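The values are calculated or read from the model by the stated rules, or taken from the named source; none is laboratory data. What you see is a predicted model; the values in this text were computed from it and never measured. Note that each Cβ is placed from the backbone with ideal geometry, even for glycine, and that neighbours are counted across all protein chains shown.
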Amino acid sequence: MKTKNLAAAIGAPTMDWEPVRARLDAGFDQGPGSQPGDPGRHSTWVSTVNADGGPHVNAVGAVWLDDHFYVVTGPGTRRGRNLARDPRCAVSLSVREFDLVVEGRAVRVLGEELARIAAHHHDRGWPAEVDESGEGLTAPFNAQSAGPAPWHVHRIEATSAQAVQCVEPYGATRWTF
């Protein structure tokens, strides 16, 4: 991993990836007012590339599991169509300790990995399960903008990440994986 201190000019230290990773491993509840001292709510934002090369950004429920972000999307949504055509994307999140952007490529999840993600969601209150085709998730409900089930799951294979630390000692760092 290559590390670059983006705040060296102001004397801030280089951030270490391990505390960022540990904070993500600890989880981030996306409900309003879910964690004292944290932002009022946590939204993860996904940026994809439109057919004309322009950006498309929208909020999405994402989870961090086994060192990857996973996002769920309807295949007919703009995000789903964009990822099917061009897997380049970015996921961003703000927590109390830092703001984070992870850039990479979306890889469609199938088989045992899809079942594991469905179980992860199910254990956290969204009753998702693998659909009959074995290629997507279904549940009694999902985000209003997700379109009809089944929903595809993508694992974000990170190529780089950038964080701005929001607590002492502050700092900003970019990691290239």
Exercise for review: Just name the residue that is nearest to Asp66 (Cα to Cα) out of those in segment 113-133 that are among the acidic types (Asp, Glu) and touching a strand residue (DSSP E or B) at 6+ places or on another chain (Cβ under 8 Å).
Suggested key: Glu113
Study note, to complete from the structure: Considering residues that are assigned to a strand (DSSP E or B) and more than 20 Å from the chain's Cα centre (by Cα), the number found within segment 131-174 is 1
Review point. Got at least one residue in segment 152-162 being in contact with a Cys (Cβ under 7 Å, 6 or more places away or on another chain), of a type outside the set (Gly, Ala, Ser) and surrounded by 20 or more Cβ atoms within 10 Å (Cβ to Cβ)?
Key: yes
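Matching residues to (1) at pLDDT 95 or above; (2) crowded, with 19+ Cβ neighbours inside 10 Å:
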| residue | (1), (2) |
| --- | --- |
| Val71 | yes, yes |
| Arg78 | yes, no |
| Arg81 | yes, no |
| Pro87 | yes, no |
| Ala90 | yes, yes |
| Ser94 | no, no |
Practice item. Report, ordered by the first and then the second residue, all pairs with beta carbons closer than 6 Å, sequence separation of six or more or different chains, a first member in segment 100-121 that is within 12 Å of Val46 (Cα to Cα), and a second member that is part of a helix (DSSP H, G or I) and among the small types (Gly, Ala, Ser). Key: none
Review point. Given the structure, is Val63 in contact with a helix residue (DSSP H, G or I) (Cβ under 7 Å, 6 or more places away or on another chain), under 24 Å from Cys166 (Cβ atoms) and not basic (Lys, Arg)?
Key: yes
